[in-house]
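Colleague: Following this message is one structure expressed as structure tokens.
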Amino acid sequence: MLKETKLTFVGSGNMGEAMIKGVLGRNLVTPAYITASDPREERGRELVDRYGVNFTPDNVEAVKAADVIVLSVKPQVLPDVLKGIRDAVVPENLILSIVAGSRISAIAQGLDHEAIVRCMPNTPAQIAEGITVWTDTPAVTEEQRDQARSVLKALGEEVYVKDEGYLDMATALSGTGPAYIFLFMEALIDAGVHLGFSRHVAERLVLQTMRGSVDFARQSNLHVAQLRNMVTSPGGTSAEALYQLEKGGLRTVLSRAIWAAYQKSKYLGDLSAAEANNDHSVEHPDELELS
Ligand SMILES: NC(=O)c1ccc[n+]([C@@H]2O[C@H](COP(=O)([O-])OP(=O)(O)OC[C@H]3O[C@@H](n4cnc5c(N)ncnc54)[C@H](OP(=O)(O)O)[C@@H]3O)[C@@H](O)[C@H]2O)c1
């Protein structure tokens, strides 16, 4: 799908590199079709040495070489980046943004451009095991949608949604998700150390238990509650532990945490859209009802 498609990465940090590596690893294009831009020449040398791609510290020069322009800078620098490349973007370009919290309307306005894909990846993308939720504008052609899907598959799985509103939900569930999982893993490892295992052994037990449970859930096709019941003998150890987890409000805490992340994501999106229009009236979620 990407044969002879020229890809430019504006911002070539962790995610930019993960995408370059994934696209090349899947033989979607040859390195000659990829241009990376980044402010640091030293970073450019690293990418050229590792992947043989083209590099320039000049975003405008990079964009001029592109069919698909991937925006992979941090949200704080995006407004300036958009201003900088605006005149170099042509109507035939597809803009693919992975920038968290930046709405399609803000990118469209910043670039005066219509064909835009917006995505929410997550950190396991760095080993091609991520999941990315994405959407697009009506101006994106069928061919460009396939190109976007191919690039995103280089980061792991992808889920297309029609409504941009799902991007804030995805931010709270899968985008922020690795933070919840890592905290859960850390807590289990610490509990193992509390019992008397060495940290190294506790880590092995927890990581393999997590991985095995995920693989088992995927392969068995059973509802997760059925799988949980399978390890919960009457009057047994799991029943005892689960009682304590429910009593401690684990489900409620998780639900509230994810709801709070969702509210925060919507707020950050509102804020960046308002700032682009010099509007300072957006309320912080602390002042909103978090139910
Ligand atoms: N990491 C994730 O798993 C993840 C998940 C979801 C979404 N995202 C989104 O992905 C985007 C990139 O994240 P990341 O983790 O790859 O960040 P990162 O490693 O900091 O990469 C951003 C790169 O952009 C460069 N940069 C800074 N100013 C620039 C400019 N004016 N023009 C071009 N490049 C510029 C930075 O260079 P310097 O370091 O020299 O400043 C850096 O190399 C963010 O918007 C983030 O919200 C990331």
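The values are calculated or read from the model by the stated rules, or taken from the named source; none is laboratory data. Please read all numbers here as calculations on a predicted model, not as lab measurements. Cβ placement follows ideal geometry from the backbone for every residue including glycine, while neighbour counts extend to all protein chains displayed.
Colleague: Could you figure out which of (1) crowded, with 19+ Cβ neighbours inside 10 Å; (2) modelled with pLDDT under 95 isn't true of Gln126?
Modeller: Status for Gln126: all satisfied but (1).
Colleague: Check Val117, Val90, Val140 and return the single one that is of a type in the set (A, V, I, L, M, F, W, C), under 18 Å from Asp67 (Cα atoms) and without any contact (Cβ under 8 Å) to a residue 24 or more places away in the chain.
Modeller: Val90
Colleague: Taking the range 218-271 as the search range and keeping residues that are within 16 Å of Gly177 (Cα to Cα) and among the hydrophobic types (A, V, I, L, M, F, W, C), which one is surrounded by the most Cβ atoms within 10 Å (Cβ to Cβ)?
Modeller: For the range 218-271, the residue satisfying everything is Ala261.
Colleague: Within the range 24-45, how many residues turn out to be in contact (Cβ under 8 Å) with a residue 60 or more places away in the chain and either surrounded by fewer than 12 Cβ atoms within 10 Å (Cβ to Cβ) or more than 11 Å from Leu2 (Cβ to Cβ) (or both)?
Modeller: Qualifying residue count for the region: 1.
Colleague: Is there a residue in the range 24-38 that is of a type in the set (A, V, I, L, M), over 28 Å from Ala276 (Cα atoms) and not assigned by TED's automatic domain parsing to the domain that holds Thr135?
Modeller: no
Colleague: Does Ala148 meet the test of being of a type outside the set (D, E, K, R), more than 11 Å from the ligand (Cβ to nearest atom), out of contact with any Lys or Arg (no Cβ under 8 Å at 6 or more places or on another chain) and modelled with pLDDT of 95 or more?
Modeller: Judged against the criteria, Ala148 is a match.
Colleague: Let me ask you something else. Filter the range 56-102 down to residues that are modelled with pLDDT of 95 or more, more than 12 Å from the ligand (Cβ to nearest atom) and part of a loop (DSSP other than H, G, I, E, B) and give me whichever is surrounded by the most Cβ atoms within 10 Å (Cβ to Cβ).
Modeller: Ala66
Colleague: Another question, if that's okay. Among the listed residues Gly156, Gly177, which satisfies the condition of being touching a strand residue (DSSP E or B) at 6+ places or on another chain (Cβ under 6 Å), surrounded by 12 or more Cβ atoms within 10 Å (Cβ to Cβ) and not charged (D, E, K, R)?
Modeller: Gly156
For (1) over 27 Å from Gly175 (Cβ atoms); (2) without any contact (Cβ under 8 Å) to a residue 40 or more places away in the chain, each residue gets a yes or a no:
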{"position": "Leu205", "(1), (2)": "yes, yes"}
{"position": "Gly212", "(1), (2)": "no, yes"}
{"position": "Arg228", "(1), (2)": "no, yes"}
{"position": "Ser233", "(1), (2)": "yes, yes"}
{"position": "Glu240", "(1), (2)": "yes, yes"}
{"position": "Leu250", "(1), (2)": "no, yes"}
{"position": "Ile258", "(1), (2)": "no, no"}
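Colleague: What number of residues within the range 176-194 satisfy the criterion of being among the small types (Gly, Ala, Ser) and within 17 Å of Leu242 (Cα to Cα)?
Modeller: Number of matching residues: 3.
Colleague: Name the single residue that is nearest to the ligand (Cβ to nearest atom) among those in the range 103-116 being outside any helix (DSSP H, G or I) and closer than 14 Å to Asp136 by Cβ.
Modeller: Looking at the filtered set, the residue picked out is Arg103.
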